[in-house]
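Undergrad: Mind having a look at this structure? Questions to follow.
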Amino acid sequence: MFAISKKKLMKRVFNVQSVHEYNAVIGIETLHPLVSVIDFSKSKPRPNPGIDFVSFAFYAVFLKHGKHCTIRYGRNYYDYQDGTLVFIAPGQIVNIEEDGEDYQPEGYALLFHPDLLLGTALGKKIKEYSFFSYDIHEALHISERERQIMLDCFSKIEGELNQSIDKHSAHLIVSNIELFLGYCVRFYDRQFITRNTVNQGIFEKFETLLDEYFQTDKPQTIGLPSVKYCAEQLHLSTNYFGDLIKKETGRSAQEHIHSKVITLAKEQMFDSTKLISQIAYKLGFKYPHHFSRFFKKQVGYSPNEYRTLN
């Protein structure tokens with residue numbers, strides 16, 4: 001995947017600032033300063049570097065072929081098998097660990113700098129492609145047919161890069177990147193459905209997590225449970241967890257949390273000895289009026305109005 005030398009760089013982050021800088025390291029010609037399509041089989045062979053901590057200043061998508069490389073992001077490893085796409089956003093730090101042997105890299109990559117997207121429709125919605133913030137072990141596994149579609153997209157972008165740059169180049173390149181990302185969305189949707197053995201029980205675990213959370217003093221000490229907190233407890237990235245819940249239930253994880261809070265609030269309101277302020281504090285609201293505003297927004301009545309009606 002990526003190496004800069006045989007020196008040990010333990011706990012040192014190598015920041016790759018430009019597409020050209022990456023191309024130069026692996027021995028690939030730069031056809032456009034802001035975007036590159038790489039066939040690693042055409043890059044120069046290189047020695048094993050040990051462990052690299054790498055941060056890219058651009059978006060990177062790696063399509064694996066071969067078995068030399070393992071990627072780690074955070075505390076999780078991903079074995080990066082054939083037929084796998086890994087997405088890395090600008091600023092993310094990953095470890096790229098080789099298998100201990102000198103080798104000829106294999107696979108493909110698409111690199112594009114945020115500056116390429118300035119003023120484009122894709123630039124306005126690039127943050128919507130939440131898989132760029134997924135953890136490494138939440139990578140996209142594709143079939144051979146899907147892999148060929150991805151390679152066709154790469155080929156179209158590369159074909160445009162081999163043309164002389166003119167006023168149409170940026171638009172056509174960005175349009176093809178957007179097409180590629182659209183296929184990624186489709187294939188992730190398929191993966192959420194087909195990988196039941198991997199994702200099985202996540203929603204049930206989420207429900208159990210919320211039940212247990214409100215049975216402790218965590219609401220009073222921590223506050224309302226956040227989507228980030230729930231994702232971490234289930235060992236998932238926030239975006240992947242949120243997308244998985246939305247695909248499985250049709251509602252966002254935040255909506256499920258709010259629904260749980262409202263259900264518990266309604267149950268406690270039937271105990272007329274409890275003040276609204278007591279219920280608010282027990283559920284994790286720092287101020288009772290925040291709870292009242294939240295409740296009215298969700299239910300249509302203030303807590304006191306709801307209690308009176310019921």
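Undergrad: Kindly indicate whether ALA24 is within 28 Å of TYR188 (Cβ to Cβ), at pLDDT 85 or above, touching a Ser or Thr at 6+ places or on another chain (Cβ under 8 Å) and not assigned by TED's automatic domain parsing to the domain that holds SER237.
TA: Working: within 28 Å of TYR188 (Cβ to Cβ): no; at pLDDT 85 or above: yes; touching a Ser or Thr at 6+ places or on another chain (Cβ under 8 Å): yes; not assigned by TED's automatic domain parsing to the domain that holds SER237: yes.
In short, no.
Undergrad: Name the residues in segment 252-292 that are surrounded by fewer than 13 Cβ atoms within 10 Å (Cβ to Cβ), among the charged types (D, E, K, R) and within 34 Å of the chain's Cα centre (by Cα), would you?
TA: Listed by number, the list holds a single entry, LYS286.
Undergrad: Go through LEU181, LEU244, LEU234 for me and flag whichever is farther than 30 Å from TYR306 by Cα and at pLDDT 95 or above. So that I can check it myself, show each step before the final result.
TA: Working: LEU244 fails: at pLDDT 95 or above; LEU234 fails: at pLDDT 95 or above.
Unique residue meeting the criteria: LEU181.
Undergrad: Here's another thing I want to ask about it. Only one residue in THR249, THR221, THR208, THR238 is within 30 Å of SER133 (Cα to Cα) and within 16 Å of the chain's Cα centre (by Cα). Which one?
TA: Details: THR249 fails: within 16 Å of the chain's Cα centre (by Cα); THR221 fails: within 16 Å of the chain's Cα centre (by Cα); THR208 fails: within 16 Å of the chain's Cα centre (by Cα).
On inspection, the qualifying residue turns out to be THR238.
Undergrad: While we're here: So which of LEU118, LEU179 ends up being in contact (Cβ under 8 Å) with a residue 12 or more places away in the chain, out of contact with any strand residue (DSSP E or B) (no Cβ under 9 Å at 6 or more places or on another chain), over 30 Å from ALA265 (Cα atoms) and surrounded by fewer than 19 Cβ atoms within 10 Å (Cβ to Cβ)? Don't jump to the end; show me each part of the working.
TA: Values: LEU118 fails: in contact (Cβ under 8 Å) with a residue 12 or more places away in the chain.
Exactly one of LEU118, LEU179 is in contact (Cβ under 8 Å) with a residue 12 or more places away in the chain, out of contact with any strand residue (DSSP E or B) (no Cβ under 9 Å at 6 or more places or on another chain), over 30 Å from ALA265 (Cα atoms) and surrounded by fewer than 19 Cβ atoms within 10 Å (Cβ to Cβ), namely LEU179.
Undergrad: Then there's this: State which residue is modelled with the highest pLDDT when the search covers only segment 184-203 and only residues that are over 18 Å from the mean Cα position of the chain (by Cα) and not small (Gly, Ala, Ser). Give the derivation first.
TA: Keep residues of segment 184-203 that are over 18 Å from the mean Cα position of the chain (by Cα), which gives 194, 196-197, 200-201, 203.
Then drop every residue that is not not small (Gly, Ala, Ser), which leaves 194, 196-197, 200, 203.
Numbers: THR194: 75, ASN196: 60, THR197: 57, GLN200: 62, PHE203: 86.
Among them, the one singled out is PHE203.
Undergrad: Go through GLU207, GLU232 for me and flag whichever is over 27 Å from ILE88 (Cα atoms), surrounded by fewer than 17 Cβ atoms within 10 Å (Cβ to Cβ) and out of contact with any Pro (no Cβ under 7 Å at 6 or more places or on another chain).
TA: GLU207
Undergrad: Looking at segment 293-305, which of its residues are surrounded by fewer than 18 Cβ atoms within 10 Å (Cβ to Cβ) and farther than 19 Å from VAL227 by Cβ? Working first, answer last.
TA: To start, the set of residues in segment 293-305 that are surrounded by fewer than 18 Cβ atoms within 10 Å (Cβ to Cβ) comprises 293, 296-302, 304-305.
Within segment 293-305, ARG293, LYS296, VAL299, GLY300, TYR301, SER302, ASN304, GLU305 qualify.
Undergrad: Which residue out of GLU207, GLU144 is assigned by TED's automatic domain parsing to the domain that holds VAL86 and charged (D, E, K, R)?
TA: Details: GLU207 fails: assigned by TED's automatic domain parsing to the domain that holds VAL86.
So the residue among GLU207, GLU144 that is assigned by TED's automatic domain parsing to the domain that holds VAL86 and charged (D, E, K, R) is GLU144.
Undergrad: Which one of these does ILE173 not meet: (1) farther than 27 Å from VAL25 by Cβ; (2) over 21 Å from the mean Cα position of the chain (by Cα); (3) at pLDDT 95 or above?
TA: All conditions pass for ILE173, except number (1).
Table: residues versus (1) among the β-branched types (Val, Ile, Thr); (2) within 19 Å of PHE58 (Cα to Cα); (3) in contact with an Asp or Glu (Cβ under 9 Å, 6 or more places away or on another chain); (4) at pLDDT 90 or above.
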residue: THR70; (1), (2), (3), (4): yes, no, yes, no
residue: TYR80; (1), (2), (3), (4): no, no, no, no
residue: ASP102; (1), (2), (3), (4): no, no, no, no
residue: ALA109; (1), (2), (3), (4): no, yes, yes, yes
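The values are calculated or read from the model by the stated rules, or taken from the named source; none is laboratory data. Please read these numbers as outputs of a predicted model, since none were measured by experiment. Reconstructed Cβ throughout: ideal geometry from the backbone, glycine too, with neighbour counts over all protein chains shown.
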